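The values are calculated or read from the model by the stated rules, or taken from the named source; none is laboratory data. All figures in this text were calculated on a predicted structure; none of them were measured in a lab. Because the Cβ atoms are built from the backbone with ideal geometry, glycine has one as well, and the counts that use them run over all protein chains shown.
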Amino acid sequence: MLINSNLKRVLESGNFAVTAELGPPTSADAEFVRKKAKILKGYIDAFNVTDGQTAVVRMASWAACLIGKDEGLDPIVQMTARDRNRIALQMDVLGVSALGIHNILCLTGDHMSFGNHREAKGVWDFDSINFIKAVKQMRDEKKFQSGDEMDVAPELYIGAAANPFAPPYEFRVHRLRKKIEAGVDFIQTQCIFNLDRFKEWMRQVQDQGLHEKVKILGGITPIKSLGAARYMKNNVPGMDVPDNIVERMQKTPKEDRAKEGLKIAVETIHQLREIKGVAGVHIMAIEWEEAVPEIVEMAGLHPRP
């Protein structure tokens, strides 16, 4: 199937890909999304829009993706199984493809206890692996989970997330393999600060030949302040921020810490480019999208192919 995805084109041509996250508003403000899309344009190959991240109500991922697409960017719609059963998931897969969105990131979803509607009921009819299987079956076999067939299949480049830093560490590569077996085309990882642990995960990935079966994009998050470094280290589950990163931010004068955070991000990108099997980076500059062009330029990744 010919999938009209710029991300797919870049990755399959062997170029080092750059994607970035565009955080949607907690309102119906379309201009908010347009402004962020204009900042990213020309510096990335595709952009993600989160889907109710941390279980907080924000603009729907597909809607913000369409606004960004109108600005000339290639969207990656994120879709969680937390809020939808298999009927709703398959309906939304058909809908986003019909709207011209050709990349999807299949996620299980953050628990409601993290968010602002803690009384909400989770669905979780699928987890991310079953969701990947369903999308692949729809795309490649023109079949729904019921076994019924469709006339026009969704054209979607299938992605998923991976976290090399969540214990039990030895299980991480096995979960990646399950996602590959389910049919994923690309992976975006959790933010990378502990390069030693990431390199060990990639060594396991290489040992099993998984880097030849999926495109892996390493997660990059620039640190804006000492407080942000400490918060990510101590309060964000599944994130590994080593002491030396916090100490480096602490030793930097307060007025220079944002610049130091950008330097750390760029240094990480340079190291990732040397690791066999890393096909690109995914920049998650949380509510700091204006940092993305500077990171891309400093890392020597501009202009884009």
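Do you know which residues across the range 83-97 are under 11 Å from Phe131 (Cα atoms) and either within 19 Å of the chain's Cα centre (by Cα) or at pLDDT below 95 (or both)?
Leu89, Val93
For the range 66-94, enumerate the residues that are touching a helix residue (DSSP H, G or I) at 6+ places or on another chain (Cβ under 8 Å), among the small types (Gly, Ala, Ser) and under 26 Å from Ile180 (Cβ atoms).
Passing the criteria: only Ala81.
Conditions: (1) of a type outside the set (A, V, I, L, M); (2) touching a residue at least 12 places away in the same chain (Cβ under 8 Å); (3) within 26 Å of Arg177 (Cβ to Cβ); (4) touching an Asp or Glu at 6+ places or on another chain (Cβ under 8 Å). Lys143 meets all but one. Number of the miss?
(2)
In this structure, is Gly42 free of Cβ contacts under 8 Å to residues at least 12 places away in the same chain, out of contact with any helix residue (DSSP H, G or I) (no Cβ under 6 Å at 6 or more places or on another chain), closer than 18 Å to His302 by Cα and not charged (D, E, K, R)? Reasoning before the result, please.
Values: free of Cβ contacts under 8 Å to residues at least 12 places away in the same chain: no; out of contact with any helix residue (DSSP H, G or I) (no Cβ under 6 Å at 6 or more places or on another chain): yes; closer than 18 Å to His302 by Cα: yes; not charged (D, E, K, R): yes.
When the stated conditions are applied, Gly42 does not pass them.
Restricting attention to the range 152-174, which residues are in contact with a helix residue (DSSP H, G or I) (Cβ under 8 Å, 6 or more places away or on another chain) and of a type in the set (D, E, K, R)?
Of everything in the range 152-174, those that are in contact with a helix residue (DSSP H, G or I) (Cβ under 8 Å, 6 or more places away or on another chain) and of a type in the set (D, E, K, R) turn out to be Glu155, Arg172.
Does the range 276-295 include one or more residues that are without any contact (Cβ under 8 Å) to a residue 12 or more places away in the chain and out of contact with any His (no Cβ under 8 Å at 6 or more places or on another chain)? So that I can check it myself, show each step before the final result.
From the range 276-295, those without any contact (Cβ under 8 Å) to a residue 12 or more places away in the chain are none; that's our starting set.
The answer is no; no qualifying residue exists.
How many residues are outside any helix (DSSP H, G or I) and under 12 Å from Asp125 (Cα atoms) when one looks only at the range 80-106? If you could, list the steps in order and put the result at the bottom.
As a first pass, look at the range 80-106 and keep what is outside any helix (DSSP H, G or I): 80-85, 99-106.
From what is left, the residues that are under 12 Å from Asp125 (Cα atoms) are 80-85.
Matching residues across the range 80-106 total 6.
Which residue is nearest to the chain's Cα centre (by Cα), if the candidates are limited to the range 130-187 and must be closer than 19 Å to Gly280 by Cβ and of a type in the set (Val, Ile, Thr)?
In this case the residue turns out to be Ile187.
So Leu262 clears everything in (1) surrounded by fewer than 16 Cβ atoms within 10 Å (Cβ to Cβ); (2) in contact with a helix residue (DSSP H, G or I) (Cβ under 8 Å, 6 or more places away or on another chain); (3) assigned to a helix (DSSP H, G or I); (4) not acidic (Asp, Glu) except one condition, right? Which one?
Among (1) surrounded by fewer than 16 Cβ atoms within 10 Å (Cβ to Cβ); (2) in contact with a helix residue (DSSP H, G or I) (Cβ under 8 Å, 6 or more places away or on another chain); (3) assigned to a helix (DSSP H, G or I); (4) not acidic (Asp, Glu), the lone unmet condition for Leu262 is (1).
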